Amino acid sequence: MHSSLRDAFGSRQGVTDIATVSITYFGILGTLLQVVIALWPRTASHNTSIMITLIITSLLGGAFHSFPRASVTQRFDPPVFSIRIVQGDILDRHGNIVIGFTDTYDTDLTDGTVINPKSIQGQFQSRFYANNHAGLDSDLDQALSAISPAFRESSSAKPRGKLARYEIGTVAVLRRSNAIFYATAYGRMESNLKVSCSVDALWKSLTAVWESVRVHGSLEPVSIPVIGSELARVGSLGREALIKMIALSFASSSREAVVSRELNIVIHPKDREHVNMIEMRRFLKTL
């Protein structure tokens, strides 16, 4: 509730939205009132009370209309698809799920130095592979068997983790339980085990993911977290900018050829207060 109130009243644009919609309500109700007075002239004797009621109703209607929901959805046609921004756990979703990996596809969770167990990838490994990174490595090797590494590091340059580097934008398709996971290499694992990612790299990765979903996803809904918002910060982009980038990339790819009938951009509950849903709804309408 606190985040919703901040969205609605915490910015000049939010107040402007409420005022604009309230004026619209006032105009519609005022027109109806004139019809009522024309039909029942005696109601004009209650002008003051009617006007107060009209103003209060208009303000309440504007606030209700502009008040952000727990999720926002925008439908596009043609082609027919929708983009939904929703709060939740990405790993609770079904169907097509995007998981961010690094260009080395490292999976070692030991002491959290290489891969942080709290990251989405770390949670994915824990939930779907029971922290058995050897099993995940086997599935990744199979998924990447037709793709040659772009470069191979020396063990002296990168003493921990994997040495084979794949092109940014590589996607390994993993089938697990009732979902298809798209392990996208969007960040570079530096030799010091820090992950870096540029805006160009993220855009390239997103484009490659949509192409892979188009091939393997059977037009079923696809869900993606706010990639680049945690350990692999994309420049100085905040969560709202990243969400806009993901939505724009999906819409652009969908207009070339339909990717999926529905994209779900999933915001983790702890990040909800950093995202203004009114602004997100406004942005989706511009796509």
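The values are calculated or read from the model by the stated rules, or taken from the named source; none is laboratory data. Nothing here was measured: the structure is a model prediction, and the numbers come from that model. Accessible surface areas use protein heavy atoms only, side chains included; no ligands, DNA or RNA. Shrake-Rupley method; radii C 1.70, N 1.55, O 1.52, S 1.80 Å.
Here ILE224 sits with roughly 0 square angstrom of accessible surface, probe radius 1.4 Å. As a fraction of the 1.4 Å probe accessible area of segment 106-257, surface on carbon and sulfur atoms comes out at 51 percent.
Sequentially through segment 167-172, phi angles give Karplus couplings (6.51, -1.76, 1.60; θ = phi - 60°) of 4, 4, x, 5, 10, 9 Hz, Gly and Pro residues having no value and appearing as x. The accessible-area ordering, largest first, of the residues LYS204, LYS285 stands as LYS285, LYS204, per a 1.4 angstrom probe. Taking amide H as placed 1.01 Å from N in the peptide plane, PHE101 has its amide H under 5 Å from the amide H of THR184, ALA185, TYR186, GLY187, each at least 5 places away in sequence or on another chain. Surface analysis of segment 162-237 yields an accessible area of 43 Å² per residue, using protein heavy atoms and a 1.4 Å probe.
According to the Cα-based calculation, Rg over Rh for segment 132-238 is 0.96, with Rh computed by the Kirkwood formula. Annotation for segment 217-270 versus segment 158-200: alpha-carbon center distance of 17 Å.
When the residues HIS274, HIS94 are ordered by accessible surface, computed with a 1.4 Å probe over the protein chains alone, the sequence from largest down reads HIS94, HIS274. Near ARG165, the amide H atoms lying under 5 Å from its own belong to ALA150, PHE151, ARG152, GLU153; only residues 5 or more places off or on other chains count, and H is placed 1.01 Å from N.
Karplus-based coupling profile of segment 151-164, in residue order and whole Hz: 6, 10, 6, 8, 5, 6, 6, 9, x, 10, x, 7, 9, 6, with θ = phi - 60° in 6.51 cos²θ - 1.76 cosθ + 1.60 and x standing for Gly or Pro.
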